[in-house]
Structures are given as C-alpha cells and as structure tokens.
Amino acid sequence: MANSAGVTSSVSPRVYLLGPDGNYVNLQLNNQELSFDVDLSKMPCGENGALYLSDMDPTGGRSPTNTGGANYGSGYCDANCRKFQWSLFLLSLPRESKLTQIGADWEPWINGTLNTSGSNYCCNEVDLMESNEYAGAFAPHPCAGGSCDSSGCGYNPYALGYHNYYGPGLTIDTSRPFTVVTRFVTSDGTASGSLIRIERVYVQDGVTITSPNPAGDNILASACSSGAPFGGLANIGTSLEQGMVLVFSIWNDPSGYMNWLDSGSNGPCNSAEGNPAVILANHPDAHVVFSNICWGDIGSTVPTGGSTPVCTVSTSTSSSTSSSSSCSTTSSSSSSTTSSSSSSSSTSSSSSTSTPPSSPAPVSNSSGPTKSEPPGAHKTQNPWAYRKQNPW
C-alpha cells in the first residue's frame, strides 16, 4: 500500500463474512464440511493466501463503547497469543497524554475493549488453507489457559515427501483454480460428537484428486500430540459445534520470509524469495481469489460421482453480481478497496481502511451453469469481492 509520500509497503488485510444482522456469520461445522474454490496462480513464493476459522465473538465485541462491532471488523483473535504492554507518558501540553507500545508482541484490544490489564489474548483457530502457488498447509490450533498450540499439528504434503503432488503443473495444478473441501468428522457422526479427524479433499476439473498418502490428507486426533496440552481436536470440535468465524487474509513475512510454509523441507522455494521487497519488485500483482464458499452435511457440497462441482454458479466478469444461485464469491488480492453487493444477506467486513473501487473487481468462474443446491448444503447469499489496491 502506498502512503502519502508514494512509498509502498506491505499490509495484511483481513476480510470476514458478515450476515444480515450485522454480525459475523457463525459457522457451526462439527460433523460438517466446508468447500471453496481458490486461484493461487498469482501467489509467488513467500506470499500466503489464508482462509481460516477463528473462535471469535460473532458480534465483534459489540458493546456501548464498541457500537460498530462486526460491521467494522472488530473483535479479531487467533492462536497467536499476544499481550498489550503499555506505558503512559505525559506530553508537554497540560492534560494531554499518549499510549506508547512496548515490545513487538502485543494486542491492544480484547473483543473491542482496550486491554488495560496486559493479559494474553488468543482463541482456537483452524487454518483451512495457508498457501501460495508452490506450497500449502492446513492445521488446527487449539488454545487453553491463555496459550495455544501455535505451530499446530499441520499437514503439508511437500513436508511429508510428496513433492510432485501440489504445485504448478503437478497433480494439483495450482496454475489453475481448484476446489478445496475440509471435513470435520466426529466420533459418532453427530454435531455434538467429539472431533476425531479433519479430512482434506481436492477437486479439479470436476475430478476428485487421489492423495498420494495411503492414509489420505487427514489430521487425526490420535496423532496430534502438539495439541494435546490444549485439548486437541476435541477442543477445536467444541468451537466448531458452537460456531466459528470465517476469515480471509493475504500476507507476507518480513522476518521469516514464510520459510515455514514453502522453503527447505516445507517447499521448493528459495529461502530468500519470501523477502517482501523481492515480492514487491518481482510480483507487484500478487493476489489470491477465493470463491464459491459452501458448507453443509459431509458430501453435500461437492459431487460424489459427477463431473461438475455443485457450487459452480454463473457470475459476471465485470461486476460482483450473481445469478439466482447463492454461492459467495470473494477476491483477496493486491488492492486496498472493498466492494460488496447490496443485499439483505451476507456481505464483507474488512478490518483495514478502504476506499470504494473505481471499477468492479473481477470475480472467478466467469461462466458456467447455475446448479441447484443439494440437500444439506448452505451457501452465502450474493457474491462480494475484496481487493487490496496498489502493489505490496
């Protein structure tokens, strides 16, 4: 994003699904599945297009002192436990003061209220996808007692030795859009059962892709040792049963260059490619497109034997309008503007400052037949788009 002096720097915008009541859409996904289409073809090494669930208050911490709440993107939390350390310094003018942040790891707000106690603030998080064109991972991050499994017992195919599975031109061809399905399987097949497995399925060109791992692309409660001290998958399942907020993000990493995701044993990228300055110089158009977000009963949001995903809808290449079918379409990319269709249902809320776009942002799936909604599936009403203006 460019400042008033024309100097460009990195920003990390977030976007949420907002319901007609002005609250975040509360997704109750225990014993359910969520699917979405993603286009990572403009996501270089070091960039991270993230779609994840957060155990946030659906109101965004709305209160008499925070009347905007979710409408203004407040109440954010994730599994990175932060605290706010601050000192009060008097300025030279009488009765004026300012807060100065001390330290790099701080969180000034807890659910829309100033964190004057300096306490840790974090919450359960499920990373449905953290990815670029060359590497991708998904991971649960349970929390307990003000701390979390920050690393998560994640699943990264490259890190497991499957180097020809995910990437441009590979089995999952990331140079083209594909569908990602995440299933939250419980012990007894009910929404109140204990979460025992997170399953991942990929679909491209209407074909379900077979995992190279004989056990499938799964995270098992029994194998998630790092999360055990924090309640493991059972704790995540409790949040999924009550409902979690869907968060869209795009970011890069000025300290670690995203090496944990795509370099060394984790991916094919050079350890220096993730330098934000390198990304800005070589990939000023970096962006990710998430679209057709659907959720419902396991097996209801993707075809079980057909060739066309049920979430495919007719959309316009020149606007963010849709046909009568009601999948959500969102674009999280290298612009700093937001646009949302006027409707009485789901729209977007961004925590970053934005201005109206001069022209509508493009959306994915520019053509295709409208499909009827399968039993048990839910889709967000009317598309919306988000773009982060100016290269970063």
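The values are calculated or read from the model by the stated rules, or taken from the named source; none is laboratory data. Please read these numbers as outputs of a predicted model, since none were measured by experiment. Positions of Cβ are backbone-derived with ideal geometry, glycine not excepted, and every protein chain shown enters the neighbour counts. Please note that ligands, DNA and RNA were not included when accessible areas were found on the heavy atoms of the full protein model with its side chains. Shrake-Rupley method; radii C 1.70, N 1.55, O 1.52, S 1.80 Å.
At a 10 angstrom cut-off on C-beta neighbours, averaged per residue, how do the peptides 68-74, 239-245 rank from highest to lowest?
The peptides rank, most packed first, as 239-245, 68-74.
Taking Cα centroids, how far is region 183-253 from region 264-304 in Å?
18 Å
Roughly what would the spin-label model give for Ala228 and Ser150, points 7 Å off Cα along C-beta, in nm?
Distance between label points: 2.2 nm.
Using the heavy atoms of the protein chains and a 1.4 angstrom probe, tell me the accessible area per residue for region 210-306 in square angstrom. Show your work: numbers first, answer last.
Working: 3890 Å² over 97 residues.
Value for region 210-306: 40 Å² per residue.
Given axes a ≥ b ≥ c from the Cα gyration tensor, I'd like to know whether region 181-285 is rounded (a/c under 1.5), prolate (a/b larger than b/c) or oblate. Don't skip to the answer; put the middle values down first.
Details: a/c = 2.08, a/b = 1.75, b/c = 1.19.
Cα axes put region 181-285 in the prolate bin.
Give, in nm to one decimal, the length gained when the segment between Asp285 and Asn213 is fully stretched (0.36 nm per residue of separation minus the Cα-Cα distance).
Numbers: separation 72, 0.36 × 72 = 25.92 nm, distance 3.41 nm.
In short, 22.5 nm is gained.
Under a crude label model (7 Å from the Cα following the beta-carbon direction), how far is Asp297 from Thr65 in nanometres?
4.7 nm
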